[in-house]
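Single-structure report; data block below.
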């Protein structure tokens, strides 16, 4: 087995700092090799049987206890994604309602009953995402249950929704709430951040509305350096609650208006009177508290 660079300016080997998994291609197939393996495999024959079009990473070297650690196990025997327990969080005082990884994967936000909101980070020397997670911050500002969390795309800000009828925008680096939005009239059960540039965010409530938030327009201001930089200027820019339904003319009513003999070309036939267009109606977009699920999850399109 040999390795060579694809271009003269590129090296075939690069030394990286762990965890190694964050340097791997997305959704790659990870194959490990060890002298302690159960059977000998002919590399050429094995590679030909792998699925086409999927990045493959070969892991060759010494492994503790003659095996590959759990983070490297990415598929079951039938090729389907494998799932393995890695770690758990301890020390939480209340029931957990929501867990969200930061965009970089280096932090996790945990929202609980009673307004408990905490940030955790992976301890790199313990194996990164597959090792120990340690509390790195507590965000205080909620007094009741937190139902949903959303990170800004750049990871600089976090949004939380709670049964206090409020949404709080947090500056993650400063560990403080910058903006408290109380435009909802009932529990706020879901929130999401615009993935394109992080300038807009949305929340869904049991008051049957979705609120869209954005920074207050300031003439002459350029693009903000981060999502956290404009939190103090956040306002409601739109409220969605109802939609216009076009009126529908029942088929039976249309047939009655035509009358007998219509369309036969008779000498005494007269065209039916024109029916008045049915009135359009407004209908609620969202269910009320009778919604079977207590959560209302939102999602933005990628663009």
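Since every read-out is calculated from the coordinates, none of them should be taken as a lab result. From a predicted model like this one, the values you see are computed outputs, not experimental measurements.
Rounded if a/c is under 1.5, else prolate if a/b is larger than b/c, else oblate: which is region 163-248, with a ≥ b ≥ c the root eigenvalues of its Cα gyration tensor?
oblate
Is the C-alpha gyration tensor of region 132-184 telling us rounded, prolate or oblate? Criteria: a/c under 1.5 is rounded; beyond that, a/b larger than b/c is prolate, otherwise oblate. Numbers along the way, then the final one.
Working: a/c = 1.85, a/b = 1.45, b/c = 1.27.
Since a/c reaches 1.5 and a/b is larger than b/c, the shape of region 132-184 is classed as prolate.
Which shape class applies to region 103-223: rounded if a/c is under 1.5, otherwise prolate when a/b exceeds b/c and oblate if not, where a ≥ b ≥ c are the square roots of the Cα gyration tensor eigenvalues?
Verdict is oblate for region 103-223.
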